[in-house]
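Step one of this worksheet: look at the structure below.
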Amino acid sequence: MAASSMKDIKLRIKSVESTMQITKAMELVASSKVRKAKQHAERTRPYFTTLYATLSDIAENNREFSSVYVQDRPVHKTCYVIIAGDRGLAGGYNANLFRAMEEHRSGRDCVALPIGKKAVEYCLRNNIPMLTQAYSLVEKVSLGDCAAIAGLLCKAFREGEFDELNMAYTNFVSMLSQQPAVMKLLPLHYEQQAGGERTPEAVTLFEPSSGEVFNAIVPGYVTGLLYGALAESEASEQSARRAAMDAASKNAGEMIESLSLHYNRARQAAITQEITEIVAGAEN
Amino acid sequence: MSSFHLQIVTPDGEFFDGPAERVKVRTINGDVAILAGHIPYVTALGTGEASVTVDGEVRKAAASGGMLSVTPEVVRVVATTFEWAEDIDLDRAKRAKEKAEERIKKARDAKELELAKVKLSRALVRINVGK
């Protein structure tokens with residue numbers, strides 16, 4: 001009996017060891033990817049923030065609402081762009097995003113444009129109608145694809161397929177912290193500053209006209225925000241995976257340690273028993 | 001000459017952040033040059049040559065898409081693509097031009113034609129600026 005349990009433990013140790021090899025390898029891959037993704041996210045961040053700040057400034061000073069993109073209309077249908085990963089094994093990366101999503105969309109009639117395989121699965125699971133499934137691989141989405149997605153979304157928004165556009169993605173705060181967020185993209189609407197009456201100098205000149213300018217820049221604006229959010233999400237995913245795999249490797253190490261202890265105990269018990277048996281035999 | 005704070009950003013990163021005396025860009029309505037003390041102004045960018053003057057020295061660039069926004073504090077050029085003249089790869093631009101011309105010939109519908117035309121104009125601007 002002792003021999004078989006020793007063999008079982010040995011087998012367990014072997015299996016945990018091979019799992020640890022995999023998690024170690026995944027951790028290494030993720031750490032090299034996270035470096036690249038982080039650089040990319042940091043490079044696009046000025047664009048992302050400047051774009052958002054500029055549009056906020058513009059929309060705040062806007063007094064003319066001829067463009068469909070700045071009109072607030074009653075919200076019947078909400079569209080979500082969901083940026084998640086292609087694979088699991090990234091800790092709470094996907095689950096946290098979907099939880100934030102769930103909270104935001106409760107009680108709303110919505111459609112979605114998923115980016116990433118997990119996002120597609122999420123939509124299927126929750127019966128959310130999808131605008132397109134063409135972007136199911138988040139790693140392959142380029143700036144050109146972002147422009148195509150933005151074109152599609154803006155067209156659908158203009159045609160009234162939905163009345164509000166949100167984007168769910170994950171903010172890369174640091175290597176150890178990632179924050180899921182839902183950001184409103186359309187219609188452009190910003191809090192009016194207190195004070196009401198503006199001095200004439202503060203009025204912005206739009207050329208050729210406010211409506212035309214908005215129609216020309218909004219698709220670019222959505223493209224830019226999508227691209228920035230993708231870069232943030234990619235960096236978040238890789239760092240979440242790195243952290244998760246690091247923890248998994250550590251756990252595997254601990255498990256091997258405790259299993260080795262058990263193994264040695266079982267071995268010692270078997271030897272002791274054998275000696276006892278021999279001694280008992282000799283005495284007789 | 002008095003200067004103003006100019007920022008140029010694209011998805012590929014920041015290209016300029018600092019004082020400048022003059023910035024010229026191609027908007028959807030034609031060329032526009034901004035000097036210090038301009039009133040708040042917003043317009044959309046087309047595809048064309050851009051130039052920035054710093055300390056009397058003019059730097060040329062190719063820019064396309066995006067917008068120009070002037071506020072009392074800062075002038076922002078938020079472009080889809082932006083390349084300084086010295087960074088332009090002429091061979092690549094020429095190849096892109098040939099490819100775009102071929103695509104225009106082969107285009108099956110209006111959308112493809114439109115896309116190829118945009119690509120062609122972008123390549124032409126880059127060749128012009130890069131020369």
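A few points about this structure:
- Only one entry of B:Gly37, B:Gly18, B:Gly48 meets the criterion of being buried (at least 16 other Cβ atoms within 10 Å of the Cβ) and at pLDDT 85 or above, and that entry is B:Gly48.
- Screening A:Val111 on (1) over 20 Å from A:Gly224 (Cβ atoms); (2) outside any strand (DSSP E or B) shows it passes everything except condition (2).
- Test: A:Thr54 is assigned to a helix (DSSP H, G or I), closer than 30 Å to A:Glu207 by Cβ, at pLDDT 85 or above and in contact with a strand residue (DSSP E or B) (Cβ under 9 Å, 6 or more places away or on another chain): no
- Of all the criteria given as (1) crowded, with 16+ Cβ neighbours inside 10 Å; (2) farther than 17 Å from A:Asn166 by Cβ; (3) touching a residue at least 40 places away in the same chain (Cβ under 8 Å), the one not satisfied by A:Gly92 is (1).
Listed here are the residues, each with its yes/no results for (1) at pLDDT below 90; (2) farther than 21 Å from A:Ser177 by Cβ.
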{"residue": "A:Asp72", "(1), (2)": "yes, yes"}
{"residue": "A:Val75", "(1), (2)": "yes, yes"}
{"residue": "A:Ala90", "(1), (2)": "yes, no"}
{"residue": "A:Tyr93", "(1), (2)": "yes, no"}
{"residue": "A:Phe98", "(1), (2)": "no, no"}
{"residue": "A:Glu103", "(1), (2)": "yes, no"}
{"residue": "A:Gly107", "(1), (2)": "yes, yes"}
{"residue": "A:Cys110", "(1), (2)": "yes, yes"}
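- Yes/no for A:Asp86 being among the acidic types (Asp, Glu), touching a Ser or Thr at 6+ places or on another chain (Cβ under 9 Å) and touching a residue at least 40 places away in the same chain (Cβ under 8 Å): yes
- Those residues of the range A:89-108 which are outside any helix (DSSP H, G or I), of a type outside the set (A, V, I, L, M) and either more than 26 Å from A:Ser249 (Cβ to Cβ) or in contact with a Lys or Arg (Cβ under 6 Å, 6 or more places away or on another chain) (or both), in sequence order: A:Ser106, A:Gly107, A:Arg108
- Extreme residue, farthest from the other protein chains (Cβ to nearest Cβ), among residues of the range B:10-36 that are touching a Lys or Arg at 6+ places or on another chain (Cβ under 9 Å) and not in a strand (DSSP E or B): B:Ala36
- Selection within the range A:20-60 - more than 30 Å from A:Leu185 (Cβ to Cβ) and touching a helix residue (DSSP H, G or I) at 6+ places or on another chain (Cβ under 6 Å): A:Met20, A:Thr23, A:Lys24, A:Met26, A:Glu27, A:Ser31
- Among (1) more than 16 Å from A:Ala53 (Cα to Cα); (2) buried (at least 18 other Cβ atoms within 10 Å of the Cβ); (3) of a type in the set (S, T, N, Q); (4) touching an Asp or Glu at 6+ places or on another chain (Cβ under 9 Å) - the single one B:Thr43 does not satisfy: (1)
- Among the residues making up the range B:59-83, a single one is more than 11 Å from chain A (Cβ to nearest Cβ), farther than 17 Å from B:Val118 by Cβ and crowded, with 23+ Cβ neighbours inside 10 Å: B:Ala61.
- The number of residues in the range B:84-107 being at pLDDT 80 or above and either assigned to a loop (DSSP other than H, G, I, E, B) or under 16 Å from the mean Cα position of the chain (by Cα) (or both) comes to 7.
- Being within 14 Å of chain B (Cβ to nearest Cβ), crowded, with 20+ Cβ neighbours inside 10 Å and either assigned to a helix (DSSP H, G or I) or modelled with pLDDT of 85 or more (or both) is a property that holds for A:Leu226.
The values are calculated or read from the model by the stated rules, or taken from the named source; none is laboratory data. Computed from a predicted model, the values in this text were never measured in an experiment. Cβ sites come from the backbone with ideal geometry, for glycine too, and all protein chains shown count toward neighbours.
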